[in-house]
Structures are given as C-alpha cells and as structure tokens.
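I have placed the structure first, in the form of structure tokens, so that the comments after it can refer back to it.
Every read-out reported here was derived from the displayed coordinates using simple, explicitly stated rules and does not represent laboratory data. Treat the numbers as computed from the prediction; the structure is a model and nothing was measured. Every residue, glycine as well, gets a Cβ built from its backbone with ideal geometry; the counts of neighbours run over all protein chains shown.
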Amino acid sequence: MKEKIHKCLNCGIGNTKIKDVQKILSMNSDTVLINIKAEVCDHCGERYYDPETVRYFEKIKLELKNGNSSQLIPVGTSYKVAS
Ligand SMILES: [Zn+2]
C-alpha cells in the first residue's frame, strides 16, 4: 500500500494517513480479526481501504462462510450477554 494523503470524503476537513487498524469481519456468529493498513482520517476517524484490501476481506468472508478456514486461527470465544 502506497503512502498517499487524501482529503477525507466524509468530513471534508481532515486528511487521511496510513495507519495500522484492526478490522472485524463477521459472518453468522463467527468473527475474524484482521490487522491491516488503512487510510484513516485524522479528523473524524473514517477509514478507507484500498480495492486490494476490500477483495482480501471478501476472500476471508467467503472462507469463513464455506468453513474453509485453513488460514484462520481461533483466538478465543465470543460471548453475548444472556437475556
Ligand atoms: Zn474525516
């Protein structure tokens, strides 16, 4: 991912900067944490992913959906509060 500065499209005030972010993808009751680089607005925090990254997310989602998760490592259990 190349370093590039853009005006934020969301707030129109901030500039975007490449940062390490954590993205959470969810599929049914499963979630995948992905550490990835994104352009983040220094004003409103809006994130922008490049097309390559978006394709990568889609690929991971598909693998999760198909149960084909050879490169996915379980890291814990997700809970919800019983109602
Ligand atoms: Zn912004």
Q: Would you list, by chain and number, the aspartates and glutamates whose Cα falls below 18 Å from the Cα of LYS80, excluding same-chain residues fewer than 8 positions away?
A: ASP30
Q. Hey, got the dipole for the chain? About the Cα centre, +1 on K and R Cβ, -1 on D and E Cβ, debye to the nearest 20?
A. 40 debye
Q.
Quick check on the chain: helices-only [θ] at 222 nm, where DSSP H runs of length 4 and up contribute -39,500 (n - 2.57) each and the sum goes over total residues. Nearest 500, please.
A. -6000 deg cm²/dmol
**Q.** ILE18 long-range amide H proximity, modeled H, under 5 Å
**A.** LYS4, VAL40
Q.
Could you tell me the relative contact order of the chain? Use alpha-carbon pairs under 8 Å, at least six residues apart, and round to a whole percent.
A. 22 percent
Q. Measuring from label point to label point, each 7 Å out along Cα→Cβ, what is the LEU72 to LEU9 span in nm?
A. 2.8 nm
Q. Put a dot 7 Å past each Cα toward the Cβ at ASP30 and TYR48; how far apart are the dots in nm?
A. 3.3 nm
Q | Pairs of lysine residues in segment 16-65 - Cα separation under 24 Å, sequence separation of 8 or more or cross-chain | A | 11
Q. Just the Cα atoms of segment 16-65, one point each, no solvent: what log10 I(q)/I(0) does Debye give at q = 0.14, 0.22, 0.31 Å⁻¹?
A. -0.37, -0.80, -1.16
